[in-house]
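The values are calculated or read from the model by the stated rules, or taken from the named source; none is laboratory data. All figures in this text were calculated on a predicted structure; none of them were measured in a lab. Neighbour counts are summed over all protein chains in view; Cβ atoms, including those assigned to glycine, are modelled from backbone coordinates with ideal geometry. These accessible areas exclude ligands, DNA and RNA; they are computed on the full protein's heavy atoms, side chains included. Shrake-Rupley method; radii C 1.70, N 1.55, O 1.52, S 1.80 Å.
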Amino acid sequence: MKPKLLIVEDDEEIRSQMKWALLKDHEVGLAGERASALTWFREHRPSVVLLDLGLPPHPGETTEGMAILSALLAEDRLTKVIIISGQGERANALEAIGRGAYDFLGKPVVMDDLRVILKRAYFLAQLEREQLAGAVAPDDSTSFEGMLGSGTVMRGVFESIRKVASTDAPVLILGESGTGKELAARAIHHRSARKKGPFVAINCGAIPENLIESELFGHEKGSFTGAHATRPGRIESAQGGTLFLDELGELPLPMQVKLLRFLQQREIERVGGRVAIPVDTRVIAATNSDLKQDMTDGKFREDLFYRLAVVVLRLPPLRERAGDVLLLAEALLKRFAEHYGKAGLKYDPTCLARIERHPWPGNVREMENRIRRAVIMAEGKRVTPPDLELEDAPVAAGATAPVSAALGGNLKEAREQVERELIQQVLRRHGGKITSAALELGISRPTLYELMEKLGISRQSPG
Ligand SMILES: Nc1ncnc2c1ncn2[C@@H]1O[C@H](COP(=O)(O)OP(=O)(O)OP(=O)(O)O)[C@@H](O)[C@H]1O
Ligand SMILES: [Mg+2]
């Protein structure tokens, strides 16, 4: 496969000269200004870019070129950007290198020089990527007890788990749904001195209210209708191990009182029983509800909260884990592809930008679901955005991610989500024609370009 090369140059003549010279050995993308440059970049992810600094709307200055340089490096800091500078622009070229450009070449461009620089740039880019890939192999430092994560945020989480695991303190795990709360609880258990004992998980929200006491504490034979035999409860069965109270916020108030008593006295009484049974277990609780608010509303007991929240472990939502989205996407694809007998399945290049752009309101769980589905749906060797149900199209009614579902988070995110979907809809209706789309949206062309860039929207191919 030919390496991809993006040429950003507003001079038609230089552009086509370079294109014809490089076409044989490269897959060349051409752009004359920022929006189309970024669009091509996002779709194709070239590792090398040739960039002219003087571009419209300010062809006489370097501001636009510098801005594009920053935008490209923000998209992928490993991109090798080679500056094409006019005569007497050496100072500008050097400034660009100071800002992260890889090299520069003066105009008129000598093709043989350019080829040498390009060759080196591709070589270096590949080397860096291989190193990075090696560093992020799932069995390396990016994996901790089955949890993947490469950024500083998740490293911090792993470090906290490591520290807290060696103590016997209760832990309260907070995080949105699908962020890996149960996985973290299991990791703590595994790393603790109790790892040979049982890990007993109870979903407080899943047990009917009238059964919850006997489920947790057990019952003696004949203690209520239907209690045909004596049965130990879940707390008792966690003897010597770890008790994981999932969805803690769902625990009814009367049960909160009983749980608190257990935590204070370390013994339980079965329903209908008369003896206190000592239970030695470590307690980890998790919730995605706002316990502070529940306490204010009188729905959650403060004393229980402080008993359980001796250590609080916060699992960040996926959107706050820079770099992890693609890491997880690749690892999960590999896992499911192997599982479903489709080993070697890869993402179509258009997928990755969309995966990065998606807000992932359902976090890792949502990602697992989408990728599992995509692996099942994929025809051939590539997973495409429709397989993932991640298209730039407006989301159809009944599809997996309605606008409202993504409207979590703060006002800014919600606004951008709505803007993004509206603009995509209108662009699609106008076959990607910016002028008519801008007209319908009631904004100017440059504003539309700016919004598209800000929101990461690519222009659909016309028709
Ligand atoms: N960092 C991670 N690396 C790999 N897989 C993960 C990670 N975090 C979560 N998962 C996977 O995502 C799924 C959801 O994780 P888990 O059940 O632990 O989340 P949760 O916070 O308890 O979710 P919920 O609120 O829905 O109960 C699981 O299949 C888990 O294996
Ligand atoms: Mg859970």
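At-a-glance table
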| item | result |
| --- | --- |
| Near pairs, Cβ below 9 angstrom, 6+ apart or cross-chain, from region 284-300 (among the hydrophobic types (A, V, I, L, M, F, W, C)) to any residue that is surrounded by fewer than 21 Cβ atoms within 10 Å (Cβ to Cβ) and at pLDDT below 90 | F300/S289 |
| Criterion: free of Cβ contacts under 8 Å to residues at least 60 places away in the same chain and open to solvent by less than 60 Å² (accessible area, probe 1.4 Å) - qualifying residue of L260, L253, L248 | L260 |
| Lone qualifier among K334, K346, K342 - being among the charged types (D, E, K, R), surrounded by 13 or more Cβ atoms within 10 Å (Cβ to Cβ), within 21 Å of R42 (Cα to Cα) and at pLDDT 90 or above | K346 |
| Members of region 170-198 found to be within 13 Å of ligand 1 (Cβ to nearest atom), open to solvent by 30 Å² or more (accessible area, probe 1.4 Å) and not in a loop (DSSP other than H, G, I, E, B), listed by number | L174, E182, L183, R186 |
| Subset of region 176-200 [at pLDDT 95 or above and within 11 Å of ligand 2 (Cβ to nearest atom)] | T179, G180, K181, E182, L183, A184, A185, R186 |
